[in-house]
Amino acid sequence: RKEVEQDPGPFNVPEGATVAFNCTYSNSASQSFFWYRQDCRKEPKLLMSVYSSGNEDGRFTAQLNRASQYISLLIRDSKLSDSATYLCVVPRSGTYKYIFGTGTRLKVLA
Amino acid sequence: ETGVTQSPTHLIKTRGQQVTLRCSSQSGHNTVSWYQQALGQGPQFIFQYYREEENGRGNFPPRFSGLQFPNYSSELNVNALELDDSALYLCASSLGTGVMETQYFGPGTRLLVL
């Protein structure tokens, strides 16, 4: 099993829709989690950090389910500008080594 | 913008050549991590430098090496280039090495090996 797994998508959704992605991780001792957004041919940019049960920032909500070892990212009222790849990051337990998922590609359609 | 810069932005090399990529970290950040991102994949950790010392390494061969300078800028060197080394190389700086530290990425160097 990969350390961090994501559905690569693409998820094609209409503007205004709510969409959710999951990311599963294998190490139950992981303490911190991150969602990064990556636009085509650009660098990853931090979207949200998750240290406890979850985090919310405007239209974006991240939730952590430790029992099932997954984190989710929910985007409400999708905008065209939300089209990007969303990378889940789980630092390897006890280390600084970021382990990235392959990313989930989102396309918001007009 | 993150304040992390990388040079060059693009590079074309041939097999067997050597390449040096450069990264300037965000002001105040003493830690730099390097990643390789192949097309359609997530970034893969190469190594990290903290206060001029290598602080850990991923599953990359010794021909991938690095340096960090007193001003915390960093270099990634790759010897004996192979076709599979074609990728986006990202550096990320952070305030420290803790697992809670957020890493801020530079724009990357796109390397093509022919």
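Observations on the structure shown:
- Looking only at region B:27-43, residues that are facing chain A (nearest Cβ under 10 Å), assigned to a strand (DSSP E or B) and either touching a Gly at 6+ places or on another chain (Cβ under 7 Å) or on the phi > 0 side of the Ramachandran plot (or both) come to 1 in all.
- Selection within region A:3-36 - over 12 Å from A:Tyr70 (Cα atoms), more than 10 Å from chain B (Cβ to nearest Cβ) and open to solvent by 50 Å² or more (accessible area, probe 1.4 Å): A:Asp7, A:Pro10, A:Phe11, A:Asn12, A:Pro14, A:Glu15, A:Thr18, A:Ala20
- Set B:Leu111, B:Leu67: member being modelled with pLDDT of 95 or more, open to solvent by 20 Å² or more (accessible area, probe 1.4 Å) and closer than 26 Å to B:Glu1 by Cα: B:Leu67
- Residues located in region B:44-63, provided they are more than 19 Å from A:Val89 (Cα to Cα), in contact (Cβ under 8 Å) with a residue 24 or more places away in the chain and either within 12 Å of chain A (Cβ to nearest Cβ) or assigned to a strand (DSSP E or B) (or both): B:Tyr49, B:Tyr50, B:Asn55
- Of all the numbered requirements in (1) among the basic types (Lys, Arg); (2) more than 10 Å from the chain's Cα centre (by Cα); (3) in a strand (DSSP E or B), B:Arg22 misses one, and that requirement is (2).
- When restricted to residues that are small (Gly, Ala, Ser), within 16 Å of B:His29 (Cβ to Cβ) and in contact (Cβ under 8 Å) with a residue 24 or more places away in the chain, region B:67-114 contains 7.
- When region A:89-110 is filtered for residues that are within 8 Å of chain B (Cβ to nearest Cβ) and either open to solvent by less than 20 Å² (accessible area, probe 1.4 Å) or among the aromatic types (Phe, Trp, Tyr) (or both), the ones remaining, listed by number, are A:Pro91, A:Tyr96, A:Tyr98, A:Phe100, A:Gly101, A:Gly103.
- Of the criteria (1) farther than 17 Å from B:Val113 by Cβ; (2) surrounded by fewer than 18 Cβ atoms within 10 Å (Cβ to Cβ), which one B:Gln41 fails: (1)
- Boolean, A:Asn55 is open to solvent by less than 80 Å² (accessible area, probe 1.4 Å), within 14 Å of chain B (Cβ to nearest Cβ), part of a strand (DSSP E or B) and farther than 30 Å from B:Thr109 by Cα: yes
- In region B:1-19, the residue that is surrounded by the fewest Cβ atoms within 10 Å (Cβ to Cβ) out of those that are assigned to a strand (DSSP E or B) and not β-branched (Val, Ile, Thr) is B:His10.
- Filter result for A:Tyr86 (within 14 Å of chain B (Cβ to nearest Cβ), under 14 Å from the mean Cα position of the chain (by Cα), open to solvent by 70 Å² or more (accessible area, probe 1.4 Å) and not hydrophobic (A, V, I, L, M, F, W, C)): no
- Test: residue in region B:44-55 that is within 26 Å of A:Arg105 (Cα to Cα) and among the hydrophobic types (A, V, I, L, M, F, W, C): yes
- Selection within region A:60-83 - more than 21 Å from A:Tyr25 (Cβ to Cβ) and either open to solvent by 60 Å² or more (accessible area, probe 1.4 Å) or within 14 Å of another protein chain (Cβ to nearest Cβ) (or both): A:Arg76, A:Asp77, A:Lys79, A:Leu80, A:Ser81
The values are calculated or read from the model by the stated rules, or taken from the named source; none is laboratory data. It should be emphasised that the depicted structure is a prediction, and the values quoted were computed from it without experimental measurement. Counting neighbours? That spans all protein chains shown, and the Cβs are built from the backbone with ideal geometry, glycine included. Calculation scope for accessible area: heavy atoms of the full protein, side chains included, ligands and nucleic acids excluded. Shrake-Rupley method; radii C 1.70, N 1.55, O 1.52, S 1.80 Å.
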